[in-house]
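These notes concern the structure reproduced below.
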Amino acid sequence: MERISAACRRAGRGDDEVTLVAVSKSVPLARLRLAVEAGLHILGENRVQEATAKVAGLPDIEWHLVGHLQSNKAGRAIELFSVIQSVDSLALAHRLDRLTAASTAWHGRRLPVYLEVNVDADPGKAGFAPDALARELDDILALRNLEVRGLMTVGRLVERAEEARPTFVRLRQLADRLRAGRPELGAGLSMGMSDDFEVAVEEGSTVVRVGRAIFGERPVVAESRSGTSPRPGG
Ligand SMILES: *Cc1c(COP(=O)(O)O)cnc(C)c1O
């Protein structure tokens with residue numbers, strides 16, 4: 001939190017402009033209870049299956065889905081999560097809209113989502129290509145049961161945080177372009193992870209998704225940034 005505040009100050013932003021989502025994949029429930037006691041109140045998971053028992057064990061905090069959602073798990077996902085950060089296709093947006101309309105849990109409320117953008121055109125990564133998003137955005141914004149809070153991206157694995165900056169600048173510029181004439185598109189920018197969240201905050205991030213910097217390294221088997229290239233040199 002101090003590091004987020006310091007990055008906000010450098011950028012002339014208030015630290016209430018940035019929300020910390022603690023990404024708790026691979027972290028057992030007992031440790032998550034301690035994290036919540038220590039003051040974290042928004043947790044992020046990247047798999048519906050892993051989240052199920054954790055959400056049941058900590059039902060009163062806000063859970064965000066940050067990983068790719070298979071369409072056959074979308075119904076389950078909206079029962080577990082308060083926010084879906086990883087909407088990465090028009091088909092998934094339509095499906096979530098229909099499921100939310102039919103859900104008793106969501107009755108009368110819109111499902112908050114972010115649209116994931118593959119800013120760097122990384123072939124192994126999920127997300128809308130920027131030009132596809134520009135074409136499909138009006139369809140998505142017309143869905144009455146979704147509240148599109150903004151855009152989300154997963155940066156490339158880089159050696160130094162500074163190298164991630166162009167990705168964050170591109171997401172912010174894309175969002176500015178897309179929002180012109182589309183007030184329904186929320187101003188949220190979910191960007192920045194353990195290795196680069198400070199740079200992301202300097203570039204306008206409103207939501208940082210931080211796992212390892214809080215909980216420590218994950219066991220190698222549970223690592224699933226599928227499709228990204230290995231860390232340089234290792
Ligand atoms: C795992 C994950 C994070 C957190 O990554 P860290 O490097 O542990 O901070 C953030 N966003 C997504 C989509 C993730 O899958």
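The values are calculated or read from the model by the stated rules, or taken from the named source; none is laboratory data. Keep in mind the model is a prediction, meaning the values are calculated, not measured. Counting neighbours? That spans all protein chains shown, and the Cβs are built from the backbone with ideal geometry, glycine included.
Checking each residue in segment 1-15 for being touching a residue at least 60 places away in the same chain (Cβ under 8 Å) and within 16 Å of the ligand (Cβ to nearest atom) picks out 3, 4, 7.
Here segment 16-39 is the region considered, the condition is being in a loop (DSSP other than H, G, I, E, B) and under 27 Å from residue 125 (Cβ atoms), and the residue that is nearest to the ligand (Cβ to nearest atom) is 25.
Cβ-Cβ distances below 8 Å connect no pair with a first residue in segment 116-135 that is at positive phi and among the β-branched types (Val, Ile, Thr), a second residue that is assigned to a loop (DSSP other than H, G, I, E, B) and at pLDDT 95 or above, and a separation of six or more residues or different chains.
Regarding segment 55-64, can at least one residue be identified that is within 16 Å of the ligand (Cβ to nearest atom) and out of contact with any strand residue (DSSP E or B) (no Cβ under 6 Å at 6 or more places or on another chain)? Looking through segment 55-64, none of the residues is within 16 Å of the ligand (Cβ to nearest atom) and out of contact with any strand residue (DSSP E or B) (no Cβ under 6 Å at 6 or more places or on another chain).
Within segment 4-26, the set of residues being charged (D, E, K, R) and under 16 Å from residue 41 (Cβ atoms) comprises 15, 16. For segment 134-234, the strands (runs of 3 or more DSSP E) that sit wholly inside it and include 2 or more residues that are modelled with pLDDT of 95 or more and either polar (S, T, N, Q) or more than 15 Å from the ligand (Cβ to nearest atom) (or both) are 146-152. On inspection, residue 69 does not qualify as closer than 18 Å to residue 212 by Cβ, outside any strand (DSSP E or B) and in contact (Cβ under 8 Å) with a residue 12 or more places away in the chain.
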